[in-house]
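Have a look at the structure below before the remarks.
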Amino acid sequence: MNSGPLGLWDLWVEDMIATGTSMRIFRDARAAQTIGNSFAGCVNPVGTSPWMTDWANDGVQAIALTDGSPPIAPAPLRPLPSRPMTTLLAQLLNGLQYGLLLFLISSGLTLIFGVMGVINLAHGSLFMIGAYLAYVVANATGSFWLAPPAAIVGGLLFGAILETGLFRRFRDREHLDQVLLTFALILLFEEARSLLIDNQFHSVAVPALLDFSVPIAGGFAYSAYRLAVLGICLITAGIMVLTVERTRIGSAIRAAAENPEMLGLLGLDASRIHRTVFAAGTALAMLAGALAAPLQSVYPNMGDGFLILSFVVVVIGGLGSIAGAFWAALLVGLIDTLGKAYVPQLAGIAVCGTMALVLLVRPAGLFGKA
């Protein structure tokens, strides 16, 4: 969009409402990070407002374009017609997409915890590393499509190195020692990120091939890239289920999660299984970060929020259960997204309340074994 007829601004606002896109806006002219659009920031008289429906009612004073053009000042916006069903459908799709990203992170976390007994607080940092890797690869090559494969391969190698060099030595140590180790890794990863890149916010462009909206129903259109993320996550989930349920290594992983003491009696190499599980969990977390990079800003400590919700998913779904992680991630993703859209003051309470309710009814989780 440019500084053309103001009617285009109205259409842009309506489109952003339909796709459920959010932007950070400020009282001053500081740059605001955007998601899936061409704007860098705007000036709003009422301060931060998370959803475009609020902006339409507040009226935006000025918009700063990313190409360096002078800010434009559209006239006060007319109130937009209420479309509750369209907004609900957008938020449901956003919740599913968010939940599937949570599944990629939490599935690795639940396997690492279930098989190795390691509480990996640095798992959120692995998500951040994947996002920064996508930013670096996209900038260096001009193609985002190389980022997901790079995240998978890099995650497998990095995870194998971490397990062999560090976590193997802490396998039989107290949980407090493991927590201290992973907390130290968080600090190391953050310092490395600061030295190698910087402490600024960065954006990764949506791939041009998917930079459009797909008509869904009744004039409602949804981001093609978000739909692609949905598809990639579902395919990954299917591959994980088939691997765990239908392959020899999957049987060994299930045995390790359900009864670790049986590995030696069955003649299975516990070290190999642990290395495989940790490498796969690291790759999944970094893949999630790479896929999420075009959906939000890439910034320091961006994995912290995902880590907290991933632990919630593990608790709700049940320790070591891939199926539990899948359904719990969808549940948490929908509750968190719908809560932030309709009752933002209660969104966090709703997620924690759901976890508490599940623990009261099923202490081992929905799919966990007592």
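Brief remarks follow.
- Efficiency of FRET between residue 299 and residue 188 - r from beta-carbon atoms, R0 22 angstrom, step 0.05: 0.75
- Principal semi-axes in Å for the range 161-286 [√(5λ), Cα gyration tensor, largest first]: 36, 26, 11
- FRET efficiency, 1/(1 + (r/R0)^6) with R0 22 Å, evaluated for residue 171 and residue 235 via beta carbons: 0.10
- Using a probe radius of 1.4 angstrom, the carbon and sulfur fraction of the accessible surface of the range 291-370 is 74%.
- Stretched out straight at 0.36 nm per residue, the stretch from residue 205 to residue 271 would grow longer than its current Cα-Cα span by 19.7 nm.
- Accessible surface, per residue, of the range 285-370 when the full set of protein chains is kept, probe 1.4 Å, Å²: 42
- Whether the range 266-350 is rounded, prolate or oblate, judged on the alpha carbon gyration tensor where a/c under 1.5 counts as rounded: oblate
- Gyration tensor verdict on the range 321-370 (Cα atoms; rounded if a/c is under 1.5, prolate if a/b is larger than b/c, oblate otherwise): oblate
- Net charge dipole size for the range 122-211 [Lys, Arg +1 and Asp, Glu -1 on Cβ; Debye, nearest 20]: 200
- Rounded percent of accessible protein surface that carbon and sulfur make up, the range 153-230, 1.4 Å probe: 66
- Once the chain from residue 198 to residue 146 is taken as fully extended at 0.36 nm per residue, the excess over their C-alpha distance is 16.5 nm.
The values are calculated or read from the model by the stated rules, or taken from the named source; none is laboratory data. This structure is a prediction, so every number in the text was calculated from the model and none was measured. Heads up, the Cβs are rebuilt from the backbone with ideal geometry, glycines too, and the neighbour counts pull from every protein chain shown. Each accessible area value is taken on the protein alone, full model and side chains, heavy atoms only, with ligands, DNA and RNA left out. Shrake-Rupley method; radii C 1.70, N 1.55, O 1.52, S 1.80 Å.
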